[in-house]
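The values are calculated or read from the model by the stated rules, or taken from the named source; none is laboratory data. No experiment lies behind these values; they were computed from the predicted model shown. Using ideal geometry, Cβ is built from the backbone for each residue, glycine included, and neighbour counts are taken over all protein chains shown. For accessibility, only protein heavy atoms count, side chains too; no ligands or nucleic acids. Shrake-Rupley method; radii C 1.70, N 1.55, O 1.52, S 1.80 Å.
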Amino acid sequence: MIFLYNVAVYLVGFLLKIAALFSPKLKLFVRGRKNVFDILENKIKPSDATFWFHAASLGEYEQGLPVIEKLKETHPSHKIIVTFFSPSGYEVRKNNAIADVTLYLPLDTKFNAKKFIKLAHPEKAFFIKYEFWINYLNELQKNQIPTYLISGIFRENQIFFKPYAHFYRNALQAFTHFFVQNEKSKQLLESIGLKNVTISGDTRFDRVVAILEKDNSLDFIAEFKNNTTTLVIGSSWPKDEKLLAEYINSTTQNVKFIIAPHNIKPEQITELQKSITKKTILFTEKENQNLANFDVFIIDTVGILTKIYSYADMAYVGGGFGNPGVHNLLEPATFGVPVVIGPNFSHFAEAIALVENKGCVSVHNFDQLQKTLDRLITDVAYRLLTGQICGQFVQENKGATDTILKKIK
């Protein structure tokens, strides 16, 4: 079985190189892996003590960040190595300040795994939420390197729990300990004989709670808001934006809108701007403008959405009209802001819980969106209560980082 797996990895690597000729994203994926070992060799000395964190993409990186920050604080002499699988994670966080080295993870071949582990020689390795690369796990186990899964989520339909999947189940033996988000994940792991499991919760709660302690002020957002009720639309996709543009254009409510799209390609920003009939300004055009005169502010840059949420009276978090579903709704929730999302959220435990607790409202069409937003805008008592549910939910679920750190010590 390992032979077939390795053949498949080499085949995928070959096909990706061909596909990269036609796809800018895949070009980043392939090119970004070319010099990984040279960078690692130059930045990590054999005498360095290191911790290695692997994240599939941006969301998983944010999930692991509280643990990274704490270990950096308690082990200042250790170097932090962060790897990404996806360009959407690496390209956004390649210049992060917390890691000493940030890289793409080379494809999971035996050669790559052996060379990477030799050069990185981590004292401990951390995989965030998921991404189970067989050769890397085998190499970590072979070198007796303590390996942990942070904020893990397991579901019955995963291959580990199929009767024929001994090969994949065996790979999980490499983990020293599993820190999972819920009881169901623990039960599934125990059903295949893995007892080294702790329900720690989700480290993202610690991440967003820490945001409250930071300076989230943005003068230009305060100028635009101008003490007016404001809806912040975060991580929106075209399917979200189509409904929201219709609402923005038709509403007679005294409300302002800030839109931070998931994708800020110029052509998509232009399409979004064209779809809105009210007075609109882009972030890249804001200089020397009286922002208070505008109704809609489109944020065609990255890295400031979290701070923008601190100015929201309510938030719409995008992604819920596509797959795999809604983006991070904990960022607005931590500020005590009520949240509206699309219908696809079944893969996200925090979204399920907040919808059940009535801190978050899921809408399926324009009529539901219109009724929900109108009520949040006009019924201040309802808006404050809904936001309070969100803020309290975040506070009640913090503490996963401390649980993890106590165990790994």
Q) Of the numbered conditions (1) free of Cβ contacts under 8 Å to residues at least 60 places away in the same chain; (2) more than 27 Å from PHE283 (Cα to Cα); (3) under 22 Å from the mean Cα position of the chain (by Cα), ASP215 satisfies every one except a single condition; which is it? A) (2)
Q. Can you name the residue in segment 131-179 that is of a type in the set (S, T, N, Q) and more than 24 Å from the chain's Cα centre (by Cα) and, of all such residues, is modelled with the lowest pLDDT?
A. ASN170
Q) Looking at SER88, is it of a type in the set (Ser, Thr, Tyr), under 30 Å from LEU4 (Cα atoms), at pLDDT below 95 and touching a Leu at 6+ places or on another chain (Cβ under 8 Å)? A) yes
Q) Taking segment 350-383 as the region of interest, how many residues are touching a residue at least 60 places away in the same chain (Cβ under 8 Å), over 14 Å from GLY320 (Cα atoms) and surrounded by 16 or more Cβ atoms within 10 Å (Cβ to Cβ)? A) 5
Q | Among the candidates LYS278, LYS358, LYS307, residue that is in contact with an Asp or Glu (Cβ under 7 Å, 6 or more places away or on another chain) and among the basic types (Lys, Arg) | A | LYS278
**Q.** Any hit, segment 148-166, residues being of a type in the set (A, V, I, L, M, F, W, C) and part of a strand (DSSP E or B)
**A.** yes
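Let's see how each residue does on (1) within 11 Å of GLY234 (Cβ to Cβ); (2) aliphatic (A, V, I, L, M):
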{"position": "ASP295", "(1), (2)": "no, no"}
{"position": "LEU305", "(1), (2)": "yes, yes"}
{"position": "TYR309", "(1), (2)": "yes, no"}
{"position": "ASP313", "(1), (2)": "no, no"}
{"position": "TYR316", "(1), (2)": "yes, no"}
{"position": "PHE321", "(1), (2)": "no, no"}
{"position": "ALA333", "(1), (2)": "no, yes"}
{"position": "GLU350", "(1), (2)": "no, no"}
{"position": "GLY359", "(1), (2)": "no, no"}
Q) Mind checking which pairs have a first residue in segment 252-277 that is without any contact (Cβ under 8 Å) to a residue 40 or more places away in the chain and a second that is surrounded by 12 or more Cβ atoms within 10 Å (Cβ to Cβ) and of a type in the set (A, V, I, L, M, F, W, C), Cβ under 6 Å, 6 or more apart or different chains? A) SER275/ALA245; ILE276/ALA245; ILE276/ILE248; ILE276/VAL296
Q: Tally the residues that are open to solvent by less than 70 Å² (accessible area, probe 1.4 Å) and without any contact (Cβ under 8 Å) to a residue 60 or more places away in the chain, restricting the search to segment 387-399.
A: 3
Q. PRO324 passes all but one of (1) open to solvent by 50 Å² or more (accessible area, probe 1.4 Å); (2) farther than 28 Å from THR386 by Cα; which number fails?
A. (2)
Q) Only one residue in PHE51, PHE126, PHE116, PHE132 is open to solvent by 10 Å² or more (accessible area, probe 1.4 Å) and closer than 30 Å to LYS195 by Cβ, so which one is that? A) PHE132
Q) Going through segment 31-45 one residue at a time, which ones are outside any helix (DSSP H, G or I) and either in contact with a His (Cβ under 7 Å, 6 or more places away or on another chain) or open to solvent by less than 40 Å² (accessible area, probe 1.4 Å) (or both)? A) GLY32, ARG33, ILE44
Q: Kindly list the number of the only condition in (1) in contact (Cβ under 8 Å) with a residue 24 or more places away in the chain; (2) over 26 Å from LYS118 (Cβ atoms) that fails for ALA49.
A: (2)
Q: Kindly indicate the residue of segment 301-321 that is open to solvent by 30 Å² or more (accessible area, probe 1.4 Å) and not β-branched (Val, Ile, Thr) and also farthest from ALA381 (Cα to Cα) among those meeting that condition.
A: GLY303
